[in-house]
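Report on the structure given below.
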Amino acid sequence: MKTTPFTNTHIALGAKMHEFAGYNMPIEYPTGISLEHLTVRNGVGVFDVSHMGEFWVKGEHAFPFLQKITSNDISVIPIGKAQYSCFPNGKGGIVDDLLVYHYEENKYLLVVNASNIEKDWNWCMVNNTEGAILENASNHIAQLAVQGPKATEMLQELTDINLSEIPYYGFTVGKIADVHEVIISNTGYTGAGGFELYFYNEYGQKIWDTLFKIGAKYGIKPIGLGARDSLRLEKGFCLYGNDIDDTTSPIEAGLGWITKFVYGKNFIDRPLLEKQKTEGVSRKLVRFELKERGIPRHGYEIVNEIDEVIGLVTSGCMLPDTKVGIGMGYVQTAYTKTGSSIYIKIRAKSLEAVVVK
């Protein structure tokens, strides 16, 4: 398995380690997923997300290449801003979802999912008929996500940059924890606020140690992938491989807002997705809450009031504070309106759930 600059630290802290996307990653620490979840919701936690992939796209042909290969409109991203987008796969599905950073003029950084690095890189190479300069920097860049309502105040002690001036989905490049050229990005995958820090691998341990030294008075804790999953699910963020994949379209997934049919943007799958947007689709991704106690899990059937199968659960968990089961899943369009009653089949029982925003 591959490692990150922090793998030995995770092991020393007693983390439960497991393979994820080819990396030896911490799933949870001895305190457990529930406490980690609540730490991020109420305080500040640090995720090692160095397994994510990073591609540089450079040169005068970078813009037309990205306009073609991504679903969102690259032209509206000023330098210093990031954009959520996806790679349509040419068959109505999604190669991956990603972040696009407008780093400098004619220079962009793509941040892709760890499990899709090789697939995404090959997709970019095959479709680079414009001649953009591509560089796969995934093995050289580490990333820590510092998330939670106390993250900004804590990180401010480590930099002269006014973090409160960085807007949501904005970023800057500067010094933090006495390390230069760190990308400080007001993004995250938790819905709890905070920043994602990108830096070269060799500075990883220095930044980690400084974060935990300064963060002690804020109650900072390391957070594993288990709580990362429950936090993103509570917020309603999609996870590639569960809620979106090569068989789901961005229109079905409720990602029409990152699928821009603007004049002159002839991106991959535009005619098909534009037709779906106009004519509608037969299924859509919904978020739901169980009205009875239970845990909805990936692959469970979703049925209607007369026990007809209308869809499948793609993600689910029980929230650690409220003990309410929540989830996401694709259902027939007739059942997607907020407030609609659906039923989750759990151990041969049909537990009532309600569709929520």
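Any idea which of Val303, Val262 is over 30 Å from Asn128 (Cα atoms) and not charged (D, E, K, R)? Reasoning before the result, please.
Details: Val262 fails: over 30 Å from Asn128 (Cα atoms).
Within the list Val303, Val262, the selection yields Val303.
Within the range 1-44, the residues that satisfy the criterion of being under 22 Å from the mean Cα position of the chain (by Cα), assigned to a helix (DSSP H, G or I) and not acidic (Asp, Glu) are Thr7, His10, Ile33, Ser34, Leu35, His37, Leu38, Thr39, Val40, Arg41, Asn42. When the residues of the range 236-263 are filtered to those that are touching a Phe, Trp or Tyr at 6+ places or on another chain (Cβ under 8 Å) and either outside any loop (DSSP other than H, G, I, E, B) or polar (S, T, N, Q) (or both), the one that is farthest from Leu66 (Cα to Cα) is Thr248.
Run down Thr190, Thr159 and say which single residue is assigned by TED's automatic domain parsing to the domain that holds Phe47, over 27 Å from Asp96 (Cα atoms) and outside any strand (DSSP E or B). Outline the logic, then answer.
Values: Thr190 fails: over 27 Å from Asp96 (Cα atoms).
Result: Thr159 is the single residue among Thr190, Thr159 that is assigned by TED's automatic domain parsing to the domain that holds Phe47, over 27 Å from Asp96 (Cα atoms) and outside any strand (DSSP E or B).
Among the residues of the range 120-138, those that are buried (at least 17 other Cβ atoms within 10 Å of the Cβ) and assigned to a helix (DSSP H, G or I) comprise Asp120, Trp121, Trp123, Cys124.
For the range 261-284, state whether one or more residues are under 17 Å from Gly241 (Cα atoms) and either in contact (Cβ under 8 Å) with a residue 12 or more places away in the chain or outside the structural domain of Asp96 (by TED's automatic domain parsing) (or both). Scanning the range 261-284 turns up at least one residue that is under 17 Å from Gly241 (Cα atoms) and either in contact (Cβ under 8 Å) with a residue 12 or more places away in the chain or outside the structural domain of Asp96 (by TED's automatic domain parsing) (or both). Does the range 106-119 hold any residues that are surrounded by 19 or more Cβ atoms within 10 Å (Cβ to Cβ) and more than 18 Å from the chain's Cα centre (by Cα), and which are they? Result: Tyr108, single match. Could you tell me whether Lys260 is touching an Asp or Glu at 6+ places or on another chain (Cβ under 7 Å) and either farther than 20 Å from Gln143 by Cα or of a type outside the set (Gly, Ala, Ser) (or both)? For Lys260, the condition - touching an Asp or Glu at 6+ places or on another chain (Cβ under 7 Å) and either farther than 20 Å from Gln143 by Cα or of a type outside the set (Gly, Ala, Ser) (or both) - is met.
Among the residues in the range 165-184, are any within 24 Å of Ile79 (Cβ to Cβ) and either assigned to a helix (DSSP H, G or I) or at pLDDT below 95 (or both)? Scanning the range 165-184 turns up at least one residue that is within 24 Å of Ile79 (Cβ to Cβ) and either assigned to a helix (DSSP H, G or I) or at pLDDT below 95 (or both). Taking the range 227-241 as the range and being surrounded by fewer than 19 Cβ atoms within 10 Å (Cβ to Cβ) and of a type in the set (A, V, I, L, M, F, W, C) as the test, only Phe237 passes.
Within the range 254-305, the residues that satisfy the criterion of being exposed (fewer than 14 other Cβ atoms within 10 Å of the Cβ) and of a type in the set (Ser, Thr, Tyr) are Tyr263, Thr278, Ser282.
For a quick check of your reading: which strands (runs of 3 or more DSSP E) sit entirely within the range 279-357 and have at least 2 residues that are within 23 Å of the chain's Cα centre (by Cα) and among the hydrophobic types (A, V, I, L, M, F, W, C)?
Values: elements: 283-290, 301-303, 309-318, 325-332, 341-346, 349-356.
Because the criterion is at least 2 residues that are within 23 Å of the chain's Cα centre (by Cα) and among the hydrophobic types (A, V, I, L, M, F, W, C), the strands (runs of 3 or more DSSP E) in the range 279-357 that meet it are 283-290, 309-318, 325-332, 349-356.
Scanning the range 37-51 for residues that are surrounded by fewer than 24 Cβ atoms within 10 Å (Cβ to Cβ) and of a type outside the set (S, T, N, Q) yields a total of 5.
Is at least one residue of the range 221-229 over 20 Å from Ile74 (Cβ atoms) and of a type in the set (Asp, Glu)?
Of the residues in the range 221-229, the ones over 20 Å from Ile74 (Cβ atoms) are 221-229.
Restricting the remaining residues to those that are of a type in the set (Asp, Glu) gives 229.
Yes; the residues of the range 221-229 include at least one that is over 20 Å from Ile74 (Cβ atoms) and of a type in the set (Asp, Glu).
Residues considered: Glu196, Glu157, Glu153, Glu202. Of these, the only one that is over 19 Å from Gly219 (Cβ atoms), more than 17 Å from the chain's Cα centre (by Cα) and at pLDDT 95 or above is Glu202. Checked against (1) surrounded by 15 or more Cβ atoms within 10 Å (Cβ to Cβ); (2) over 30 Å from Ile69 (Cβ atoms); (3) free of Cβ contacts under 8 Å to residues at least 24 places away in the same chain, Gly316 passes all but condition (3). Screening the candidates Leu35, Leu66 for the property of being farther than 30 Å from Ser249 by Cβ, in contact (Cβ under 8 Å) with a residue 40 or more places away in the chain and out of contact with any Ser or Thr (no Cβ under 8 Å at 6 or more places or on another chain) yields one hit, Leu35.
The values are calculated or read from the model by the stated rules, or taken from the named source; none is laboratory data. Source: prediction; values computed, not measured. Note: ideal-geometry Cβ built from the backbone for every residue, glycine included; neighbour counts use all protein chains shown.
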